[in-house]
Each structure stands twice: as C-alpha cells, then as structure tokens.
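A short write-up of the structure that comes next.
The values are calculated or read from the model by the stated rules, or taken from the named source; none is laboratory data. Everything numeric in this text was worked out from a predicted model, so none of it was measured. Cβ coordinates were reconstructed from backbone atoms using ideal geometry, including for glycine residues, and neighbour counts include every protein chain displayed.
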Amino acid sequence: MLRGNGLGDAYKAILARMKAQKGNKSALGLNVLMWVLYSRRPLLPDDLCRAQGVEIGSVDLDRNNIPSLKTLLSCCLGLVAESSSSTVRLVRFTLQEHLVGDLPLWAAHHIFSIPTGWETRLRLAISLKRTMASRAFHHY
C-alpha cells in the first residue's frame, strides 16, 4: 500500500505509541483520528473539541468536559494538525490511506463504540439545531 517510502512502518510505530498512552489519552487520540478521517467536511477545531466533550448516552453538552485543541493534538502524537485554513486535518494523505487499510486498529478499539458514540453525538446535534432554530431571530 505505501511501497517504497517506509511511511507504513512509521505510522504503525506512532499508532502503537498512541495506543500505549496512559489514561484516556489513547482513546482520545484514536477518537480524534476517527473523526478527522471520516468527516464529510473539513472539521473546525471547535467542532472537533465539542464532539469529544459529549458523554456517551447523554444529550447534554457539558462545557467542562470539552478538551482543548492542544490536548487533542497532543494525544494524536503529530498525526493530526491544525491547517492554515483553521481546520483540523491529517498531516499527510498517505496517513489516510494507511488508516483506512488498518482495520485491526479500528476493530480493536472503535468498531463497537462507533454506533453508540455517533448516535449520542447525533442526538446532541439535533437538540442543538432545534434550540438554535427556535432562537434564530432572538437577537433581533
């Protein structure tokens, strides 16, 4: 897949270090990679931070639970960066190719939590959208 440049081995080593991080840093780093990898549009830093701050099973956003962008990026060990256009992205396109092809990474960590996590975040998004729609002209 990544023939000739040795990036595949480098990515594997960094991902192994990421999974070995203590506390919730491992899960946080892998969640960030998942969100950046599978997002349909470029993610804004605030969007990514809020997505990580949602508790599974809750429909409320706890502002005290929202990690900083600096924390999220540090958990990713350099694989994710903020671009000059103020979006969060993978550092190289070859990383995207590697991650898409690395099913064991996702199977071991995320495959069972994705539906629950996304469902919770979707409920929160719908709730926020309804709240914002009801207040669309409130400031006028």
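In the set Ser84, Ser74, only one residue is surrounded by fewer than 13 Cβ atoms within 10 Å (Cβ to Cβ), at pLDDT 85 or above and out of contact with any helix residue (DSSP H, G or I) (no Cβ under 6 Å at 6 or more places or on another chain); that residue is Ser84.
Of all the residues in region 24-61, those that are farther than 26 Å from Ser85 by Cα, at pLDDT below 90 and small (Gly, Ala, Ser) number 3. If you go through region 59-68 and keep only what is in contact (Cβ under 8 Å) with a residue 24 or more places away in the chain and either within 19 Å of Arg89 (Cα to Cα) or surrounded by fewer than 13 Cβ atoms within 10 Å (Cβ to Cβ) (or both), you end up with Asp60, Pro67.
So, Thr71, is that one within 22 Å of Ala13 (Cα to Cα), out of contact with any Ser or Thr (no Cβ under 7 Å at 6 or more places or on another chain) and either among the basic types (Lys, Arg) or in contact (Cβ under 8 Å) with a residue 40 or more places away in the chain (or both) or not? Talk me through it step by step, then tell me what you get.
Details: within 22 Å of Ala13 (Cα to Cα): yes; out of contact with any Ser or Thr (no Cβ under 7 Å at 6 or more places or on another chain): yes; either among the basic types (Lys, Arg) or in contact (Cβ under 8 Å) with a residue 40 or more places away in the chain (or both): yes.
Yes.
In summary, Leu43 fulfils each of the numbered conditions (1) of a type outside the set (Ser, Thr, Tyr); (2) in contact with a helix residue (DSSP H, G or I) (Cβ under 7 Å, 6 or more places away or on another chain); (3) over 23 Å from Glu97 (Cα atoms) with the single exception of condition (3). Residues being outside any loop (DSSP other than H, G, I, E, B) and over 26 Å from Lys22 (Cβ atoms) are entirely absent from region 62-84.
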